[in-house]
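S.K.: One structure, as structure tokens, below. Some questions next.
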Amino acid sequence: MIKTGVNKAMLEKGKISTRQLTILVTLLTIGDSILVIPPSTTHYARQNAWISSLIGMAVGLLAIYMYSKVAKLYPKLTLIQIIQKVFGKWLGTLLSLLTLMYFLVVTVGSMREVGDFVTSEMLPGTPIPATLILFILIVIMATRLGIEVIGRTGEIFTPMVIILFLILTVAIIPQMEIVRMLPILEDGIKPVLRGSISISAYTFLEPVVFLMFLPYVNQPQKITKSLLLGCFLGGIIIFLTIAVSILVLGPDLTTRDIYPSYNIARRISVGGIFERVEAMIALLWMLTLFIEVTLYFYAFVLGLSQLLNLKEFRVLTLPTGLILVALTPLIAPNYSYYNTVFDNYWVYYVITFGLFLPLVLLGVAMFRRALSKDLKFRN
Amino acid sequence: MGIIVLIVLVAGSIAIDVPLMWRKKLIKEMWVFSFLLLLGIFFGVIKVMHISIPNPLGWMIFIYKPVADMVNVWLT
């Protein structure tokens, strides 16, 4: 085993259980994808988007397995500390800063989606910063309370998320038509693969942020199993969302709509009594998005204080929140610009940090281990 | 309106955290706090005054454009 060196007093003293870890991974995987991912996947894969989601899930499970391997090599260190240990002082600091920027950019993007969604669908006319300030205040509060509280919050929310999702899926069954899913693979496999790039990057590679939290799990030997389980459960919910969008709306309407699953919830009508339940999916989405933004925000603040050897990370939350609120409207003048950037460039940005960075970390660590074994053998 | 909100937010963050850091003598934390706050004020002023700057995501487009074009040609 590679020695982890002197482990300084940890900034975060909380612990989360493996069940809480599973729940957090599931909620993060659902995250914003449940509303945003169906149009961008069906744009390429048309009615075969459900196959793309299965391919994405396979990629995600492999990536998650890789994260747990990295965490096993350095059980007491977070991602920022691992990078510094593997790459040394200068290169390590540079890569850490880039990773921190990645955390910040993902937070900004998710906040942008909150602002756009609330203003366009629920509270038209409200200035976007008003929504964002309220949202970020809750995120800051969660971050200051620590990882334990976030874990328990996830546990409390989970039954609600599952029940809301089941109600939405079951109540729409009468309006499904299997013919909208046909023909299967009419243009070959290439468009399906292109669609799976969006979905695997945006949905299944974002759990890379958990490399920041794995040292705080109380049963390290069970990490792999609970990570895989969480990714699998989240993947099933995303698969069902995409399949329902195609079965109810068809590929054309799914692509044109900005929020297809919200639109589907609007169409629910059971016996003329059970109607207008779209606020439920908004609630469901707010809960999962809150977890996603909180985890990324937390990772940024914690990582920055570990990089700079600070004694206290909670004092950085308020100024970082101010940066987020100010930066969110600046990154995109309108929704269609954001959507284009997200579809074409953002996905590769996520792949760089979600797939290549852990792969390089794993490769370098394995190489070092083999080298040290070789040296020992010769001596 | 926007500038008032910005001032309230900045004053609020200073009032909540600076006394705590001062009491515990966390000097390094104070520097990082000030730097982040200045960055936030900088972006906030740009937003509030409607100063037009190049998009901060421009670098992302610049770096990933070759990859994106290659994948789009290959998979369509």
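S.K.: Considering only the stretch A:141-152, state which residues are assigned to a helix (DSSP H, G or I), farther than 14 Å from A:I23 by Cβ and in contact (Cβ under 8 Å) with a residue 40 or more places away in the chain.
M.R.: Matches in the stretch A:141-152: A:A142, A:T143, A:R144.
S.K.: Does the stretch A:115-131 contain any residue that is of a type in the set (D, E) and crowded, with 21+ Cβ neighbours inside 10 Å?
M.R.: Taking every residue of the stretch A:115-131 in turn, at least one turns out to be of a type in the set (D, E) and crowded, with 21+ Cβ neighbours inside 10 Å.
Okay, residues lined up against (1) open to solvent by less than 10 Å² (accessible area, probe 1.4 Å); (2) within 17 Å of A:I351 (Cα to Cα):
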| residue | (1), (2) |
| --- | --- |
| A:I16 | yes, no |
| A:L24 | yes, no |
| A:A45 | yes, no |
| A:S52 | yes, yes |
| A:K69 | no, no |
| A:L73 | no, no |
| A:L79 | yes, yes |
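S.K.: Something else now. For residues in the stretch A:25-52 being within 14 Å of chain B (Cβ to nearest Cβ) and farther than 27 Å from A:S68 by Cβ, which is nearest to the chain's Cα centre (by Cα)?
M.R.: A:S40
S.K.: Under 17 Å from the mean Cα position of the chain (by Cα) and at pLDDT below 90: is that true of B:I51 in this structure?
M.R.: Spelling it out, B:I51 is indeed under 17 Å from the mean Cα position of the chain (by Cα) and at pLDDT below 90.
S.K.: Right, next: Being buried (at least 21 other Cβ atoms within 10 Å of the Cβ), hydroxyl-bearing (S, T, Y) and part of a helix (DSSP H, G or I) is true for just one of A:T93, A:T107. Which residue is that?
M.R.: Going through A:T93, A:T107 in turn, just one is buried (at least 21 other Cβ atoms within 10 Å of the Cβ), hydroxyl-bearing (S, T, Y) and part of a helix (DSSP H, G or I): A:T107.
S.K.: Oh, and also: Hey, can you tell me all the residues within the stretch A:153-186 that are outside any helix (DSSP H, G or I) and either crowded, with 16+ Cβ neighbours inside 10 Å or of a type in the set (A, V, I, L, M, F, W, C) (or both)?
M.R.: A:I172, A:M176, A:L182, A:I184, A:L185
S.K.: Of (1) free of Cβ contacts under 8 Å to residues at least 24 places away in the same chain; (2) more than 8 Å from every other protein chain (Cβ to nearest Cβ), B:L57 satisfies all except one. Which?
M.R.: The single condition B:L57 does not satisfy is (2).
S.K.: Do we have A:V192 as away from chain B (no Cβ under 14 Å), part of a helix (DSSP H, G or I) and more than 30 Å from B:G2 (Cβ to Cβ) here?
M.R.: So A:V192 does not fit the description; no.
Here's the yes/no breakdown for (1) at pLDDT 85 or above; (2) within 25 Å of A:G56 (Cβ to Cβ); (3) among the acidic types (D, E):
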| position | (1), (2), (3) |
| --- | --- |
| A:L318 | yes, no, no |
| A:P333 | no, no, no |
| A:V347 | yes, yes, no |
| A:T352 | yes, yes, no |
| A:L355 | yes, yes, no |
| A:D374 | no, no, yes |
| A:N379 | no, no, no |
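The values are calculated or read from the model by the stated rules, or taken from the named source; none is laboratory data. On a predicted model such as this, the values are computed, not experimentally measured, just so you know. Note that each Cβ is placed from the backbone with ideal geometry, even for glycine, and that neighbours are counted across all protein chains shown. For the accessible areas, the whole protein counts, side chains as well, though only heavy atoms, and no ligand, DNA or RNA atoms are used. Shrake-Rupley method; radii C 1.70, N 1.55, O 1.52, S 1.80 Å.
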